[in-house]
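Report on the following structure.
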Amino acid sequence: MGNERKGISIEGIVAARDRQPYVIVYFNGQRAQLSIADAKNVALDLLQMASRTEADAMILKFFDRAEFPAGAAAAIMRDFRDFRLELDAEPVEKFTEEPTGGGQVQ
């Protein structure tokens with residue numbers, strides 16, 4: 001069923017062998033089975049990369065339209081990417097708790 005697919009499609013399954021949830025991604029006939037954690041990481045990476053590439057394109061468009069000197073857009077994009085890398089390197093704390101139940105929110 002996987003080889004005839006074109007484009008991108010995504011399905012979720014619970015595997016019979018281990019009863020674990022997985023996300024199946026089909027891309028032009030190729031199939032990848034991802035754990036839930038991997039699927040969430042890929043989804044976040046896609047959103048982040050889309051936003052960053054959109055910002056890069058906006059910078060290029062702005063600098064082209066404003067007729068700044070050649071190389072100015074590349075210089076600011078390089079600085080912006082370095083800035084992003086610094087922010088990405090900061091440790092992140094997670095604050096998640098198990099639901100307590102009881103139906104009351106405090």
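Taking the dipole about the Cα centre of the stretch 8-89, with the C-beta of Lys and Arg at +1 and of Asp and Glu at -1, give me whichever of Ala89, Tyr22, Met77 is farthest to the positive side. So the residue we want is Tyr22. Under the classification rounded if a/c is under 1.5, otherwise prolate if a/b is larger than b/c and oblate if not, where does the chain fall, given a ≥ b ≥ c as square roots of the Cα gyration tensor eigenvalues? Oblate, since a/c reaches 1.5 and b/c is not below a/b.
Straight-distance candidates among the lysines for linking to Lys94, with alpha-carbon spacing under 26 Å and chain neighbours fewer than 8 residues away dropped: Lys40. Between Asp18 and Leu46, what is the FRET efficiency for a Förster distance of 25 Å, r being their Cβ-Cβ separation, to the nearest 0.05? That pair, Asp18 with Leu46, gives E of 0.40. Under the convention that each Lys and Arg Cβ holds +1 and each Asp and Glu Cβ holds -1, the size of the dipole of the chain around its Cα centre is about 500 debye. Look at the alpha carbon pairs under 8 Å that are at least 6 residues apart: their mean separation over the length of the stretch 8-89 gives a relative contact order of 15 percent.
Readers should treat all values here as calculations from the given coordinates under stated rules, not as data from a laboratory. Note that this is a predicted model, so its numbers are computed, not measured. Positions of Cβ are backbone-derived with ideal geometry, glycine not excepted, and every protein chain shown enters the neighbour counts.
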